[in-house]
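Trainee: Starting off with a structure, shown below.
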Amino acid sequence: MSTQTITVSGMTCGHCATSVREEVGGLPGVRAVEVDLSSGLVTIDSDNQLDPSAINDAVAEAGYAVAG
């Protein structure tokens, strides 16, 4: 089991969080995605460490960007 935390910029509402949760949650091996709107932190629990570019692509597909 692996846990990764990223910061996503531009999320402002529950719909934003749902979009990011659904796109990142669709990556192979992802078990859970927690989104904290106030901080922009997204915590991803998965079977194995995910490729950062795959995470970036999923967040971009939701219409947002990984910060920093």
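Trainee: Scan the range 2-28 residue by residue and report those that are farther than 17 Å from Ala60 by Cβ and open to solvent by less than 30 Å² (accessible area, probe 1.4 Å).
Mentor: Correct list: Ser2 only.
Trainee: Restricting attention to the range 39-49, does a residue exist that is among the polar types (S, T, N, Q), touching a residue at least 12 places away in the same chain (Cβ under 8 Å) and surrounded by 15 or more Cβ atoms within 10 Å (Cβ to Cβ)?
Mentor: Residues of the range 39-49 among the polar types (S, T, N, Q): 39, 43, 46, 48-49.
Next, from what is left, pick out any that are touching a residue at least 12 places away in the same chain (Cβ under 8 Å): 39, 43, 46, 48-49.
Checking which are surrounded by 15 or more Cβ atoms within 10 Å (Cβ to Cβ) leaves us with 46.
Checking the range 39-49: at least one residue is among the polar types (S, T, N, Q), touching a residue at least 12 places away in the same chain (Cβ under 8 Å) and surrounded by 15 or more Cβ atoms within 10 Å (Cβ to Cβ).
Trainee: Which condition does Gly63 not pass, out of (1) on the phi < 0 side of the Ramachandran plot; (2) in contact (Cβ under 8 Å) with a residue 40 or more places away in the chain; (3) open to solvent by 50 Å² or more (accessible area, probe 1.4 Å), if it passes all the others?
Mentor: Status for Gly63: all satisfied but (1).
Trainee: Quick check on my filter: what residues within the range 11-38 are more than 24 Å from Met1 (Cα to Cα) and in contact (Cβ under 8 Å) with a residue 40 or more places away in the chain?
Mentor: Of the residues in the range 11-38, the ones more than 24 Å from Met1 (Cα to Cα) are 11-16, 37-38.
Listed by number, the residues that qualify are Met11, Cys16.
The values are calculated or read from the model by the stated rules, or taken from the named source; none is laboratory data. In this text the structure is predicted, and so the values were computed from the model without any measurement. For neighbour counting, all protein chains shown are included, and Cβ atoms are generated from backbone atoms with ideal geometry for every residue, glycine included. Areas reflect the complete protein model, heavy atoms only, side chains present, ligands, DNA and RNA absent. Shrake-Rupley method; radii C 1.70, N 1.55, O 1.52, S 1.80 Å.
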